[in-house]
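Below is one structure; the comments refer to it alone.
The values are calculated or read from the model by the stated rules, or taken from the named source; none is laboratory data. All values derive from a computational prediction rather than experimental measurement. Heads up, the Cβs are rebuilt from the backbone with ideal geometry, glycines too, and the neighbour counts pull from every protein chain shown.
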Ligand code: KG4
Ligand code: ZN
């Protein structure tokens, strides 16, 4: 049996978790700062770092207590060292290093993206090769995983991430940050009347682009305002969500055709999207040998348990961080 103490602080959630064997959560403490950032319409890096400092040591105590373990039971410390906001990453990284050093434990540098994908381990064992669709506020990528711990990016967004585009159009409609969940709920109440563009849907790459969709949405909204016309927000939400989901599903299907896999993993904050989950489940009917493994709703957003799930793999594979390990804001895997 192994116990990993995991840290996540890449954006606006401070989180510490204890994970057993990489696939069982003993505790997963998450302190969200959303309220502090809401009035700015997005994350303010300096504010985020300060909140991480205030919370991280308290969360360590809570994570150990909730798991019913002490430092003496822990085998390794896994920590997100990128990608993310450098000031935020440094808080979790410094806390993790300090604890690892003080308790003579190995430090396991872990990618936030690997964490989002490996959260699928809490659903069931991952079978390889696998494909992952990673959709979050900062990333939109299709990742081929030929074997445990190996991540090959097939394609990614060339501009905005899917979650970012939700948040930006949400802001135009006056929806509080982060807007994804609210737009998802509204999308069930409207009709696809606007037929927004689906950029790069049929092209030859696995890349995505969401900035044109965002602009089309904002132009539609403001043009109507100038005519003193109020558009139906639910219809806007439905039309927007359909456009996002169509492109994500189309590219995922293309990747599955060209890279047959045993499982399709879905991770990242936007993995909570009900339209996306339903559309991918439907599309998978064409691939009877591929099992759909979306991460559980409550583990789609940022949390440290997912870092424990990925970190346990890297720890077993012998990856170790030195005491001079630095944060890497643009790390991939
Ligand atoms: O993974 P995450 O918690 O943080 C990053 O690593 O970016 O993702 C946050 C993003 C936000 O943009 C938020 O609006 C989006 O996930 N999100 C959703 C939904 N729930 C959260 N987007 C669409 N539909 C949802 N249900
Ligand atoms: Zn994330």
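I'd like to check something: does region 142-159 contain any residue that is farther than 30 Å from residue 312 by Cα, at pLDDT 95 or above and assigned to a loop (DSSP other than H, G, I, E, B)?
Looking only at region 142-159, we keep the residues that are farther than 30 Å from residue 312 by Cα, and these are 158-159.
Those still in the list that are at pLDDT 95 or above too: 158-159.
When the remaining residues are screened for being assigned to a loop (DSSP other than H, G, I, E, B), the result is 158-159.
Yes, that holds for at least one residue.
Suppose the filter is at pLDDT below 95, in the same structural domain as residue 29 (by TED's automatic domain parsing) and not in a strand (DSSP E or B); does residue 62 pass it? Steps first, please.
Numbers: at pLDDT below 95: no; in the same structural domain as residue 29 (by TED's automatic domain parsing): yes; not in a strand (DSSP E or B): yes.
Criteria not met by residue 62.
Please go through region 203-221 and give me each residue that is free of Cβ contacts under 8 Å to residues at least 12 places away in the same chain and either surrounded by 11 or more Cβ atoms within 10 Å (Cβ to Cβ) or in a helix (DSSP H, G or I) (or both), ordered by number.
Here is the first cut: in region 203-221, the residues free of Cβ contacts under 8 Å to residues at least 12 places away in the same chain are 203-204, 215, 219.
Passing the criteria: 203, 215, 219.
Contact list please: Cβ distance under 8 Å, first residue in region 222-236 and over 16 Å from residue 171 (Cα atoms), second residue surrounded by fewer than 11 Cβ atoms within 10 Å (Cβ to Cβ), pairs at least six apart or on different chains.
224/230
Which of (1) within 16 Å of ligand 2 (Cβ to nearest atom); (2) more than 17 Å from residue 303 (Cβ to Cβ) does residue 84 not meet, given it meets every other one?
(2)
Might you check whether a residue that is away from ligand 2 (no atom under 15 Å from the Cβ) and in contact with a helix residue (DSSP H, G or I) (Cβ under 7 Å, 6 or more places away or on another chain) occurs anywhere in region 298-306? Let's see the steps before the verdict.
So the first thing to find is which residues in region 298-306 are away from ligand 2 (no atom under 15 Å from the Cβ), and the list is none.
Looking through region 298-306, none of the residues is away from ligand 2 (no atom under 15 Å from the Cβ) and in contact with a helix residue (DSSP H, G or I) (Cβ under 7 Å, 6 or more places away or on another chain).
Tell me which residues, restricted to region 18-38, are at pLDDT 95 or above and within 15 Å of ligand 1 (Cβ to nearest atom).
Of region 18-38, the ones at pLDDT 95 or above are 18-30.
Passing the criteria: 28, 30.
Do you know which residues across region 67-78 are in a helix (DSSP H, G or I) and more than 18 Å from residue 309 (Cα to Cα)? Reasoning before the result, please.
The initial filter retains those residues of region 67-78 that are in a helix (DSSP H, G or I), namely 67, 71-73.
Within region 67-78, 71, 72 meet the criteria.
Identify all residues within region 20-57 that are touching a strand residue (DSSP E or B) at 6+ places or on another chain (Cβ under 8 Å) and more than 15 Å from residue 302 (Cα to Cα); write none if there are none.
Quick first cut of region 20-57, residues touching a strand residue (DSSP E or B) at 6+ places or on another chain (Cβ under 8 Å) only: 20, 22, 25-33, 51-52, 55-56.
Of everything in region 20-57, those that are touching a strand residue (DSSP E or B) at 6+ places or on another chain (Cβ under 8 Å) and more than 15 Å from residue 302 (Cα to Cα) turn out to be 20, 22, 26, 51, 55.
Could you tell me which residue of region 110-134 is farthest from ligand 2 (Cβ to nearest atom), considering only residues that are outside any helix (DSSP H, G or I) and under 22 Å from residue 327 (Cα atoms)? Please lay out each step first, then the result.
Step one: filter region 110-134 for residues outside any helix (DSSP H, G or I), giving 110-111, 123-134.
Now narrow it down to the ones that are under 22 Å from residue 327 (Cα atoms): 110-111, 134.
Numbers: 110: 13, 111: 11, 134: 9 Å.
Here the residue is 110.
Let's see how each residue does on (1) more than 18 Å from the chain's Cα centre (by Cα); (2) at pLDDT 95 or above; (3) farther than 17 Å from residue 143 by Cα; (4) not assigned by TED's automatic domain parsing to the domain that holds residue 195:
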position	(1), (2), (3), (4)
245	no, yes, yes, no
259	yes, yes, no, no
262	yes, yes, no, no
287	yes, yes, yes, no
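Residues that are in a loop (DSSP other than H, G, I, E, B), within 16 Å of ligand 1 (Cβ to nearest atom) and out of contact with any helix residue (DSSP H, G or I) (no Cβ under 6 Å at 6 or more places or on another chain): does region 226-242 have at least one? Walk me through how you get there before you give the answer.
Initial filter on region 226-242 (in a loop (DSSP other than H, G, I, E, B)): 227-232.
Add one more test, that the residue is within 16 Å of ligand 1 (Cβ to nearest atom), and what stays is none.
No.
Here are some conditions: (1) part of a loop (DSSP other than H, G, I, E, B); (2) touching a residue at least 12 places away in the same chain (Cβ under 8 Å). Residue 101 meets all but one. Which one does it not meet?
With (1) part of a loop (DSSP other than H, G, I, E, B); (2) touching a residue at least 12 places away in the same chain (Cβ under 8 Å) applied to residue 101, the lone miss is (1).
Assess whether residue 256 counts as being within 19 Å of residue 132 (Cβ to Cβ), in contact with a strand residue (DSSP E or B) (Cβ under 9 Å, 6 or more places away or on another chain), away from ligand 2 (no atom under 16 Å from the Cβ) and assigned to a helix (DSSP H, G or I).
Working: within 19 Å of residue 132 (Cβ to Cβ): yes; in contact with a strand residue (DSSP E or B) (Cβ under 9 Å, 6 or more places away or on another chain): yes; away from ligand 2 (no atom under 16 Å from the Cβ): yes; assigned to a helix (DSSP H, G or I): yes.
Considered against the rule, which asks whether it is within 19 Å of residue 132 (Cβ to Cβ), in contact with a strand residue (DSSP E or B) (Cβ under 9 Å, 6 or more places away or on another chain), away from ligand 2 (no atom under 16 Å from the Cβ) and assigned to a helix (DSSP H, G or I), residue 256 comes out as yes.
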